[in-house]
Amino acid sequence: MNDPVSAAWENLRALPQPTLAELFEAPARVEQLSDRIEWQDGGITFDWSKTHLDEAVLSGFEALADACDFAGRRAALLSGERINNTEGRAAEHTAQRGVGRDASVEEAEALHARMRMLVEAIHAGALGEVRHLIHVGIGGSALGPALAVDALARDLALVDVHVVSNIDGCALEAAFKACDPATTMVAVASKTFTTIETMTNAASALKWLGEGGVSDPFGRVVALTASPDKAVEWGVDESRVLPFPETVGGRYSLWSSIGFPVALAVGWDEFSQMLAGAQLVDEHFRDTDGRANLCLRAAFADQYYTRLRGCQTRAVFAYDERFALFPSYLQQLEMESNGKLVKADGTPVDGPTAPITWGGVGTDAQHAVFQLLHQGTNLVPVDFIASIAPGDDLDPAHHAILLTNCFAQGAALMAGGNMSADGKDPARAFPGDRPSATILCDDLDAATLGALIAFHEHRTFANAVLMEINPFDQFGVELGKKMAKDIEAGDAQFDASTTALLQAAGLG
Ligand code: F6P
């Protein structure tokens, strides 16, 4: 039976695949595929013209989106339906910034009010002098705070924040070296309040406070969690437990109390601006259909490269130091959401799902991985992210060179050519026709950061809809955790390699 989804894919697979050079022969290509989302004092340009999207591909993916009931799935997401079917829960990260089921938006506003009170009390000295925060968390309880603090708190840090995630004691020791126990608070960020890395780091941080002369270490702890009872049971005073709803997924939780270190570092107004930027994109995503929906259009291109051009990875390069942590953030968001083998209904997927998201910061990456991107055997769609406004006050030449290189790399990937004198040296040949998209921000402020993260949340969701998978569970992380616990319990038989390694390390 040729259901509409299969028919849409068959149509897409049958389409011709013109080169970028051929596509650029069409007039007004850039106007058709470069659009802005903007607000009163800022905006972002999304230039997808150097991807292989064309009228036939866009129409084909719009037909696929209809066949996958994109509009219905979007409505289910934004109305708080239990769209995370395998865990029987809604996915309500957008309610944290005012878009979603009324009751959930109201709950988020109340929880934000509580968070704001604590942040402003700390800033006012109610808990004594606070100069440092050690934020312990991992995955979605760390990556978002680390990205936002690194991006926004470079100039104005009301409190010096250190995000510690790894169980490797070197990470926590580095934070200790930079902080004074007498003026340090500790945020324990864990949705479940059970993650072994976080709870171990939290215990060591408490010990460090005590050994540093703090008479009541627990009095310096704030818990950020969807399990408030566990935090109180662990010893955190209820007044310093900042809950967030179970329906906010870890990798979607920056907007909730998990964002506490951001508000502490840059102030509540900046944190609110970040929420407002995300809300703008939520409204664009909610109110716009087809190719005009820029999050959906990005997913069209993602699906084109993954399922029609055999691309197994996608690369993201932030040509801005303030966004250096963005590729790592996107790795969890995209790979933990869409790195799946089965559809939401439990049947096998029809083709490749999430590509491997990787990347780095420009211009450094040009001196490390761009050789492969230009002349390797892998076709890798590239996203460039940059800001027109610089983040520094040095000679403007710095930013001009940064942006020039960013744009030149996209142009070179597309144009190709041969760098030898006679134009015939195969070692100096560049095939070209290599796609890229450019996200050009007017500036990298709090609203822009919020908008850009929300854009990628919805891009990830749209990809999931087009692949008919559930992006909100993550059972794939459980087996490794279980085996680690079995090793600790000493009651498990492992393969010969693992057994030998454990014995060599004195753990077996
Ligand atoms: O990696 C698995 C995971 O559950 C992530 O989804 C989550 O962000 C991270 O571990 C930390 O979980 P928690 O916030 O419950 O400590």
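The values are calculated or read from the model by the stated rules, or taken from the named source; none is laboratory data. Predicted model, so just to flag it, every value in this text is computed and none were measured. With ideal geometry, Cβ positions are generated from the backbone for all residues, glycine too; neighbour counts draw on all protein chains shown. Just so you know, the surface numbers come from the protein's heavy atoms only, side chains and all, with ligands and any DNA or RNA stripped out. Shrake-Rupley method; radii C 1.70, N 1.55, O 1.52, S 1.80 Å.
The combined condition, being modelled with pLDDT of 95 or more and surrounded by fewer than 24 Cβ atoms within 10 Å (Cβ to Cβ), is fulfilled by G290.
Per the conditions (1) in contact with a Lys or Arg (Cβ under 7 Å, 6 or more places away or on another chain); (2) among the acidic types (D, E); (3) over 30 Å from R434 (Cα atoms), the sole criterion not satisfied by E106 is (1). Residue pairs, Cβ under 7 Å, 6 or more apart or interchain, first in segment 256-283 and within 15 Å of D160 (Cβ to Cβ) and of a type outside the set (A, V, I, L, M, F, W, C), second away from the ligand (no atom under 16 Å from the Cβ) and open to solvent by less than 10 Å² (accessible area, probe 1.4 Å). List them. Filtered contacts from segment 256-283: P261/L133. Of the helices (runs of 4 or more DSSP H) lying entirely inside segment 44-130, those containing at least 3 residues that are touching a residue at least 60 places away in the same chain (Cβ under 8 Å) and in the same structural domain as T306 (by TED's automatic domain parsing) are 55-67, 70-78.
In this structure, T247 does not satisfy being surrounded by fewer than 22 Cβ atoms within 10 Å (Cβ to Cβ) and within 16 Å of the ligand (Cβ to nearest atom).
Matching residues to (1) among the small types (G, A, S); (2) open to solvent by less than 60 Å² (accessible area, probe 1.4 Å):
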site	(1), (2)
K340	no, yes
D350	no, no
P355	no, yes
G360	yes, yes
T363	no, yes
V380	no, yes
G391	yes, yes
H399	no, yes
F407	no, no
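Among the residues of this structure, E197 counts as one that is over 30 Å from R101 (Cβ atoms) and under 24 Å from the mean Cα position of the chain (by Cα).
Scanning segment 295-338 for residues that are open to solvent by less than 30 Å² (accessible area, probe 1.4 Å), away from the ligand (no atom under 16 Å from the Cβ) and acidic (D, E) yields a count of 2. Within the bounds of segment 200-222, is there any residue that is within 15 Å of the ligand (Cβ to nearest atom) and of a type in the set (D, E, K, R)? No, because not a single residue in segment 200-222 is within 15 Å of the ligand (Cβ to nearest atom) and of a type in the set (D, E, K, R).
A single entry from V159, V149, V136 fulfils the requirement of being within 16 Å of the ligand (Cβ to nearest atom) and surrounded by 22 or more Cβ atoms within 10 Å (Cβ to Cβ): V136.
Kindly provide the set of residues from segment 189-232 that are outside any strand (DSSP E or B) and either open to solvent by less than 10 Å² (accessible area, probe 1.4 Å) or not assigned by TED's automatic domain parsing to the domain that holds G249 (or both), ordered by number. Listed by number, the residues that qualify are S190, T198, N201, A202, A205, L209, A231. Which residue pairs have Cβ atoms under 8 Å apart, sit 6 or more places apart or on different chains, and have a first residue in segment 222-239 that is on the phi > 0 side of the Ramachandran plot and a second that is open to solvent by 10 Å² or more (accessible area, probe 1.4 Å)? Sorted first by the residue in segment 222-239, then by its partner, the pairs are G235/F218. Here V186 clears all of (1) touching a residue at least 60 places away in the same chain (Cβ under 8 Å); (2) within 16 Å of the ligand (Cβ to nearest atom); (3) in a strand (DSSP E or B) except the condition numbered (1). Between A121, A113, the distinction of being within 17 Å of G219 (Cβ to Cβ), away from the ligand (no atom under 16 Å from the Cβ), surrounded by fewer than 17 Cβ atoms within 10 Å (Cβ to Cβ) and modelled with pLDDT of 95 or more belongs to A121 only.
Do we find that L280 is part of a helix (DSSP H, G or I), closer than 30 Å to D41 by Cα, open to solvent by 20 Å² or more (accessible area, probe 1.4 Å) and touching a strand residue (DSSP E or B) at 6+ places or on another chain (Cβ under 6 Å) in this structure? Judged against the criteria, L280 is a match. For T86, the conditions (1) at negative phi; (2) open to solvent by less than 60 Å² (accessible area, probe 1.4 Å) are fulfilled apart from (2).
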